[in-house]
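The values are calculated or read from the model by the stated rules, or taken from the named source; none is laboratory data. From a predicted model like this one, the values you see are computed outputs, not experimental measurements. Cβ placement follows ideal geometry from the backbone for every residue including glycine, while neighbour counts extend to all protein chains displayed. The area values use the complete protein model at the heavy-atom level, side chains included, leaving out ligands, DNA and RNA. Shrake-Rupley method; radii C 1.70, N 1.55, O 1.52, S 1.80 Å.
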Amino acid sequence: MLPLAEAREYVLAGCAPGHPRAVPLGDALGLVTSVDLDAAEPVPPFDNTAMDGFAVRAADTAGASDETPVSLAIAGTLAAGAAPEVAVEPGQAVRIMTGAPMPPGADAVVMVERTTVDDSGATVGVHVTVEPGNHVRRAGDDVRAGERVFPAGTPLEAAHLGVLASVGVRRVPVHPRPRVGVVSTGDELVDGPEALGPGQIRDSNRRMLLALVERVDCTPVDLGRIPDDEAAIAAAFEEGARSCDAVISSGGVSMGDFDYVKVVLDRLGDMRWMQVAIRPAKPLAFGTIDGTPVFGLPGNPVSSLVSFELFARPGLRRMLGHAVLDRPRLLGVTERDLRRRPDGKVHFVRVTARYEDGGFRVRPTGGQGSHQLAATAAANALVVLPDGDGVAAGDAVEVLPLGDVGTLT
Ligand code: AMP
Ligand code: MG
């Protein structure tokens with residue numbers, strides 16, 4: 001059996017980042033920048049007010065307090081989006097709304113809560129002494145013109161897209177989003193709503209794997225279900241390798257499998273058939289057809305999911321250009337005994353992990369068979385159990401989240 005780390009390295013070596021291309025900002029969520037990005041414009045583009053209130057000359061507010069307010073003549077009003085029309089002369093103030101540009105002459109803003117406007121609306125009493133710069137947001141104090149906003153290799157999340165929009169970027173050079181074909185194999189599989197015949201089961205893996213592909217920020221491509229027919233299997237993999245950047249199949253990779261997946265993949269591509277020292281998800285095929293990575297995942301649904309997490313997800317993240325390929329592994333404490341037998345494999349136990357008193361507490365979710373997908377759906381993490389006899393309640397365990405760490409509640 002192959003150690004997990006070796007199998008993972010083998011897979012990653014076959015997954016290269018895609019050739020950079022500029023994509024519209026609206027298509028860039030989750031993609032990774034391929035070049036350093038410099039700002040062509042400053043943000044904010046001009047000095048403006050952080051508060052609703054009055055733009056003043058700070059010197060005019062000297063000595064102002066609740067007991068001795070200073071009275072200033074109101075010279076005008078400035079809303080956000082308006083250009084200043086009047087300057088603030090000594091003894092004057094301009095009513096101003098958050099985001100409006102500072103009018104010439106003014107060097108500070110008094111928040112509206114510290115002012116009182118007289119009944120005529122002609123003058124404002126200022127109840128506080130302010131320093132120059134008070135509540136003023138300077139041009140460029142978020143991003144300076146010419147500043148490096150993001151280095152190459154930055155994964156673009158929502159705030160990154162907001163920053164790029166703020167400096168006027170419309171298209172961003174990235175490693176493109178891989179199109180990932182998903183195909184299921186097996187004569188027993190039924191796709192539609194029809195009643196099951198003898199020996200038939202419904203295809204759960206394809207729906208799940210397409211969703212997992214989407215969660216990794218790749219584009220899922222449904223390549224359908226292939227019957228156990230040599231020509232059909234060949235046609236599906238050839239089509240997948242031609243039209244997609246990677247292909248993921250489920251089923252037909254176990255030892256002693258009756259179907260033709262192995263025969264066909266060995267003919268079409270350069271495949272390695274592995275027995276990885278893990279449970280579930282021991283069998284794994286990985287290789288390339290005409291340079292396109294092909295992941296042959298095991299058919300048992302839980303094995304498919306675990307295999308995707310351990311091999312396909314990091315491989316696809318590498319294709320996306322990420323430097324961080326794996327989820328963080330966390331330290332937890334198990335609330336139950338997690339017993340196992342020594343068998344040379346690392347076991348992955350489906351658990352719920354919740355954050356409590358500064359740490360993660362984990363509990364198995366039920367049936368641990370590799371066909372028991374419902375117990376996996378109830379889980380939000382896997383406990384990594386090294387070879388041996390397992391652990392007892394209260395022991396420290398390594399926890400591998402199955403989603404964002406924020407979902408471990
Ligand atoms: P295999 O890896 O093809 O030997 O399949 C292992 C087990 O997984 C068998 O019980 C299959 O019926 C089951 N299986 C294979 N593909 C799927 C699928 N797409 N959905 C649900 N179960 C599957
Ligand atoms: Mg099969």
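Among residues of the range 35-64 being of a type in the set (Val, Ile, Thr) and surrounded by fewer than 22 Cβ atoms within 10 Å (Cβ to Cβ), the one that is farthest from residue 166 (Cα to Cα) is 35. Does residue 367 satisfy the criteria of being modelled with pLDDT under 95, surrounded by 12 or more Cβ atoms within 10 Å (Cβ to Cβ) and touching a strand residue (DSSP E or B) at 6+ places or on another chain (Cβ under 9 Å)? Spelling it out, residue 367 is indeed modelled with pLDDT under 95, surrounded by 12 or more Cβ atoms within 10 Å (Cβ to Cβ) and touching a strand residue (DSSP E or B) at 6+ places or on another chain (Cβ under 9 Å).
Looking across the range 248-278, the residues that are more than 12 Å from ligand 2 (Cβ to nearest atom) and touching a residue at least 40 places away in the same chain (Cβ under 8 Å) come down to 248, 272, 274, 275, 276, 277, 278. Among the conditions (1) closer than 25 Å to residue 205 by Cβ; (2) in contact with a strand residue (DSSP E or B) (Cβ under 6 Å, 6 or more places away or on another chain); (3) in contact (Cβ under 8 Å) with a residue 40 or more places away in the chain; (4) not aliphatic (A, V, I, L, M), the only one that residue 360 does not satisfy is (1). Among the strands (runs of 3 or more DSSP E) confined to the range 253-334, the ones with at least 1 residues that are over 24 Å from residue 353 (Cβ atoms) and open to solvent by 20 Å² or more (accessible area, probe 1.4 Å) are located at 270-275, 283-289. I'd like to know if the range 334-343 contains one or more residues that are of a type in the set (Val, Ile, Thr) and in contact (Cβ under 8 Å) with a residue 40 or more places away in the chain. Within the range 334-343, one or more residues are of a type in the set (Val, Ile, Thr) and in contact (Cβ under 8 Å) with a residue 40 or more places away in the chain. Scanning the range 226-250 for residues that are within 10 Å of ligand 1 (Cβ to nearest atom) and at pLDDT below 95 yields a single hit, 228. Taking the criterion of being assigned to a loop (DSSP other than H, G, I, E, B), touching a helix residue (DSSP H, G or I) at 6+ places or on another chain (Cβ under 7 Å) and surrounded by fewer than 17 Cβ atoms within 10 Å (Cβ to Cβ), would at least one residue in the range 152-159 satisfy it? Checked against the condition, which is being assigned to a loop (DSSP other than H, G, I, E, B), touching a helix residue (DSSP H, G or I) at 6+ places or on another chain (Cβ under 7 Å) and surrounded by fewer than 17 Cβ atoms within 10 Å (Cβ to Cβ), the range 152-159 yields no hits at all.
The requirement of being in contact (Cβ under 8 Å) with a residue 60 or more places away in the chain and surrounded by fewer than 19 Cβ atoms within 10 Å (Cβ to Cβ) is fulfilled nowhere in the range 73-84; no residue meets it.
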